[in-house]
Amino acid sequence: MISVEGLRVEFSVKPLFANASFVVNDKDRIALVGKNGAGKSTLLKILCGQQQPTSGTVSVPQDTTIGYLPQVMNLQDDTTVRQEAQKAFANITDLKAHVERLERQMNERTDYESEDYMALVERYTTEHERYLMMGAESREAELERTLAGLGFTREDLERPTKEFSGGWRMRIELAKILLQKPDVLLLDEPTNHLDIESIQWLEQFLAQSAKAVVLVSHDRAFINNVSNRTLEISCGQIIDYKVKYDEYVVLRKERREQQLRAYENQQKEVAEMRDFIERFRYKATKAVQVQQKVKQLEKIVPIEVDEVDNSAMHLKFPPCLRSGDYPVICEEVKKEYAHVVFDHVNLTIKRGEKVAFVGKNGEGKSTLVKCIMNEIPFDGHLKVGHNVQIGYFAQNQAQLLDESLTVFQTIDNVAKGEVRLKINDILGAFMFGGEASDKKVKVLSGGERSRLAMIRLLLEPVNMLILDEPTNHLDMASKDVLKEAIKAFDGTAIIVSHDREFLDGLVTKVYEFGGGKVREHLGGIYDFLESKKISELNELGMTVRTGRTESPQATEIKSAGDGITAAKPSTAKNTSYAEHKEQQKQLRKAEKAVEQSERKISDMERRLKELDDLLMKPENASNMEFVTEYTSTKKALDEEVERWGRLSEELEQLSI
C-alpha cells in the first residue's frame, strides 16, 4: 500500500534517520516505537504527505486512501456532533448526488434504443452499485455505533461540538477518520484522550475492521494488543521487526546482545591488527604482512550497536511531613452545572493509599479533583485532612509552560532557596542534561514537556500527590520510572489515568465514575477490569437498574459486581456516623458475595468452553467422563446464575 525507499530526514547536522526502506502492507498493524524526539510523528507526517523528506521516496498508489490523526488538531465548533461526524461521508454524499443526476437523465430521455442511452444505463448501474458497496444505506447506523464506541450517548449527537472539551472533540475527529474506512490508518497517540472502555473498543475495531494501521502510542497494553509488526527508530535507522510489541522487546534485547558480542570481537581483531602493524612497521622482512594488515584494517566496516538510552529519569520525591490518617473524606458530595456531574459521593482515602480514578471522560474525575483542590464550589462535605500538603499535576500542565523560556529558565523561575543551586542536577536526572537545558520550550516534544512539567511538581515537598493523566506523552521508560517513584512515595496518591499498564501494581483501590455516581472497587486495576467483563452478561439478560436512562448504543450492562456507591442511602444526611458505617459494612459484605458468585460463574463458563472444545474432537466424542462433567457443570452453572440473581437483588435493595 505504501512503499518507502531510501528515506532521509535532516533537521540539524545529525539526521533523524537515513536510508530507511520498508513497505506497509494490507492487514499490517505496525507499532512505531522509539524514544521521545526520535522522529515518530515526523515519519507519520511524511507517510501522509504533510511533510517532505530530505531525500528518498514515498510511493502511494493512486487509489489508496490514508487517514491521519495527529496529536494536535485545529477543531471546528460550528456544528453538532452528528453533523461533524457526517463529514466523513462527504465522498458518499457526492456519489449519491451523481447517481441521482444520472437517474434524472434516464427519466427525462426517451431514446431508449440508442447507444448513448444504453451507455447512460450502464454508467448509472455501475455508479449505483459502487454507491451501495460503500455501505451508503447503513452509514447512519455505523456513525452512531462508532460514536457510541468512543463514549458518546445518543443525546450527545445533537449537542453542539463547542460544548465538549478538547479531548471529546478529538474523539469526534477519530470517529470521522474511522468512518472514512481508509486503506491506511496513521494514528499518533490515539489513546491520549480516551478512557479505558473506549481504548478497549478501539483495540477491537482496529483488530477486526481496519485494513492497515501504523500507530504511535505509549500505552504498552494497547500497542501490544493491536500490533503484529514493530518499526523501531533507533540510532538514525528504522529497524523492522515482524512481531508484536512484546515479542519485539525480547528480540531487540537479543539483537543488541549479538551486536555487542560481534562489536567486542571486532574490536579485539582491530586491536590485534594495530598491534601487529606497530610492532613490525619498520622491519623489512615483515613489510608485506604489515601492508596486508593495513589493507584489511581499511576494509573493516565498524559494527554499530543499537543505542540504548542509559540516562534514566531518576525520580525521587523529597521527604515530607506526616499527614493526618485520612487525607480526604467526602460525605454526600455533589457537583452540578447544567446537569448533575455526580451526587451522593461518599469516600474515604487513608494515608499512604494509592488509588485510581477511572471512568469515561466527562463523568467527573477531574471535577472531583478540582473539588478536592478547592478550585470549584460544590455541595456536601469534603474534608482535606490535617497537615495535608498537595502536589497537583493537571491534565494540561505541559501546555501551560511558557514557550518563550528555555528549560533552565522554566525551572529557575519557580525554584526557591537551596534548590536553585541544584537545578542542573535535577534537569540532568530528567534527561535535560548539558545543552538540552538551553532548549526553548517551544521546540520540545510532548514527552519532553511533560517531563519538564513534572520537575515543577518536585520542587516542593508534598505528602499527597494528585496526578491527572500524568502519563500522556511520556515514553515507556519515563512511565516506568515515574511508576516506581510513586510506589516508593511515602504519602498518599490519587491518580486519574486510563493507562492500564501504568496503574497495574500501583493502586490498591479503584473509584469508578459513571452515571452520576462514584463506586468503590477494592483491588488493582485488572481486578476491576475483570469484574467489568464478568458483569457483561447480556445473553443472560441480567441487569441492575442504575436510575439513568441511556441510549441502546451507549447502554452499559451494569451488575452489582461492578461495585457499589460508597454510601448512597436516601436518608444519609439524617443518619448518624455509626449508622453510616454499619450501612457501608453491609454493602461491602453483599458486594463481596456477588463478586464471589461472579467468579464462580466465570470459572464454570471457562470450564464449559474447555469441555466443549474437547468433546468436538473425534477421539473424545464418546468419553463419558467429559460428558458427565459437562452435564454436572452446566447444572451447577444454572444454579449459580440463579443464586447470583438473588444476591444482586439483595445488594440492589441495600443500595437504594
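The values are calculated or read from the model by the stated rules, or taken from the named source; none is laboratory data. Because the structure is a prediction, the values reported are computed rather than measured. Cβ placement follows ideal geometry from the backbone for every residue including glycine, while neighbour counts extend to all protein chains displayed. For accessibility, only protein heavy atoms count, side chains too; no ligands or nucleic acids. Shrake-Rupley method; radii C 1.70, N 1.55, O 1.52, S 1.80 Å.
Some observations on this one:
- Those residues of region 195-216 which are open to solvent by less than 20 Å² (accessible area, probe 1.4 Å), closer than 18 Å to G151 by Cβ and out of contact with any Lys or Arg (no Cβ under 6 Å at 6 or more places or on another chain), in sequence order: I196, S198, I199, L202, L206
- Check on T125, polar (S, T, N, Q), at pLDDT 85 or above and either part of a loop (DSSP other than H, G, I, E, B) or under 30 Å from D188 (Cα atoms) (or both): no
- Just one residue in the set L147, L187 is surrounded by 20 or more Cβ atoms within 10 Å (Cβ to Cβ) and more than 17 Å from F89 (Cα to Cα); that residue is L187.
- Residues that are small (G, A, S) and modelled with pLDDT of 85 or more occur in region 269-276; there is at least one.
- Residue list for region 49-72, filter: surrounded by 17 or more Cβ atoms within 10 Å (Cβ to Cβ) and touching a Pro at 6+ places or on another chain (Cβ under 9 Å): I66, G67, Y68, L69
- Hey, K40 charged (D, E, K, R) and open to solvent by 40 Å² or more (accessible area, probe 1.4 Å) or not: no
- Taken over region 376-392, the criterion of being more than 20 Å from L458 (Cβ to Cβ) and either in a strand (DSSP E or B) or small (G, A, S) (or both) is satisfied by D379, G380, H381, L382, K383, V384, G385.
- Considering region 52-73, and only residues there that are among the aliphatic types (A, V, I, L, M) and not in a strand (DSSP E or B), the residue that is nearest to E173 (Cα to Cα) turns out to be M73.
- Unmet criterion (only one of (1) open to solvent by less than 30 Å² (accessible area, probe 1.4 Å); (2) closer than 28 Å to G352 by Cβ; (3) in a helix (DSSP H, G or I)) for A436: (2)
- Taking the listed residues R261, R252, the one that is in contact (Cβ under 8 Å) with a residue 24 or more places away in the chain and outside any loop (DSSP other than H, G, I, E, B) is R252, with no other qualifying.
- Residues (among the aliphatic types (A, V, I, L, M) and outside any strand (DSSP E or B)) located in region 353-375: L368, V369, I372, M373
- Enumeration of residues in region 481-525 that are in a helix (DSSP H, G or I) and within 15 Å of the chain's Cα centre (by Cα): R500, E501, F502, L503, I525
- Sole exception among (1) outside any strand (DSSP E or B); (2) of a type in the set (A, V, I, L, M); (3) in contact with a Ser or Thr (Cβ under 8 Å, 6 or more places away or on another chain) for L102, by number: (3)
- From the options F489, F502, residue that is in contact (Cβ under 8 Å) with a residue 40 or more places away in the chain and either aromatic (F, W, Y) or out of contact with any strand residue (DSSP E or B) (no Cβ under 6 Å at 6 or more places or on another chain) (or both): F489
- The listed residue being surrounded by 14 or more Cβ atoms within 10 Å (Cβ to Cβ), over 23 Å from A20 (Cα atoms), touching a helix residue (DSSP H, G or I) at 6+ places or on another chain (Cβ under 7 Å) and modelled with pLDDT of 85 or more, out of F222, F280: F222
- Only one entry in M476, M542 is among the hydrophobic types (A, V, I, L, M, F, W, C), at pLDDT below 80 and under 30 Å from E650 (Cα atoms), namely M542.
- Of the residues making up region 355-379, those that are surrounded by fewer than 17 Cβ atoms within 10 Å (Cβ to Cβ) and either aromatic (F, W, Y) or touching a residue at least 12 places away in the same chain (Cβ under 8 Å) (or both) are M373, I376, D379.
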